[in-house]
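Chemist: Handing you a structure now.
The values are calculated or read from the model by the stated rules, or taken from the named source; none is laboratory data. The structure presented is a predicted model; accordingly, all values stated were derived computationally and were not measured. Heads up, the Cβs are rebuilt from the backbone with ideal geometry, glycines too, and the neighbour counts pull from every protein chain shown. Protein only, heavy atoms only, side chains kept; ligands, DNA and RNA dropped before computing areas. Shrake-Rupley method; radii C 1.70, N 1.55, O 1.52, S 1.80 Å.
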Amino acid sequence: MVKLRVLEILEEQGHTKYWLYKRMDMSYQNFNRLVTNATTSIHFNNIEKLSTILQCPIGDLFKVTDEPENNDSL
């Protein structure tokens, strides 16, 4: 399963979730789903925004885990 590392990156950089939320220009509900990996899709423009705001390569935003995908919400 592919997951976003946004919360890890924020911690590494000493930023808060609120700091990133204020810069993402999206609803808090959608933002929270995004950063907590509670979504099944991500728009390319949001990936680009995350990369730009966090000043990291796009590839660094993701990690692959051995966790099985939770398909209960599909």
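Chemist: Could you tell me which GluC sites (Glu not before Pro) in the chain are loop residues by DSSP with no more than 15 other beta carbons within 10 angstrom of their beta carbon?
Modeler: Details: sites: E8, E11, E12, E48, E69; in loops: E69.
Answer by residue number: E69.
Chemist: When the dipole is taken about the Cα centre of the chain, and only Lys, Arg (+1) and Asp, Glu (-1) are charged at their Cβ, what size is it in debye, to the nearest 20?
Modeler: Details: 8 positive and 10 negative charges, 68 e Å.
Computed charge dipole of the chain: roughly 320 debye.
Chemist: Hey, could you pull the Cα Rg and Dmax for the chain, both in Å?
Modeler: 12.1, 35
Chemist: Now, a different point. Share of the chain's accessible area from carbon and sulfur, percent, 1.4 Å? Please list the in-between numbers first.
Modeler: Details: 2550 of 5280 Å².
Carbon and sulfur together cover 48 percent of it.
Chemist: OK, next. Convert each backbone phi in the stretch 18-24 into a coupling constant with the Karplus relation 6.51 cos²θ - 1.76 cosθ + 1.60 (shift: θ = phi - 60°), then list the ³J(HN,Hα) values in order as whole Hz, x for Gly and Pro.
Modeler: 5, 4, 5, 4, 4, 9, 7
Chemist: Can you give the accessible area per residue of the chain, in Å², using a 1.4 Å probe? Mind showing how you got there, number by number?
Modeler: Values: 5280 Å² over 74 residues.
Accessible area per residue, the chain: 71 Å².
Chemist: Taking 22 Å as R0, compute the FRET efficiency from the Cβ-Cβ separation of T52 and E12 and round it to 0.05. Display every interim value, and only then the final one.
Modeler: Numbers: r = 17 Å, r/R0 = 0.77.
About 0.85, to the nearest 0.05.
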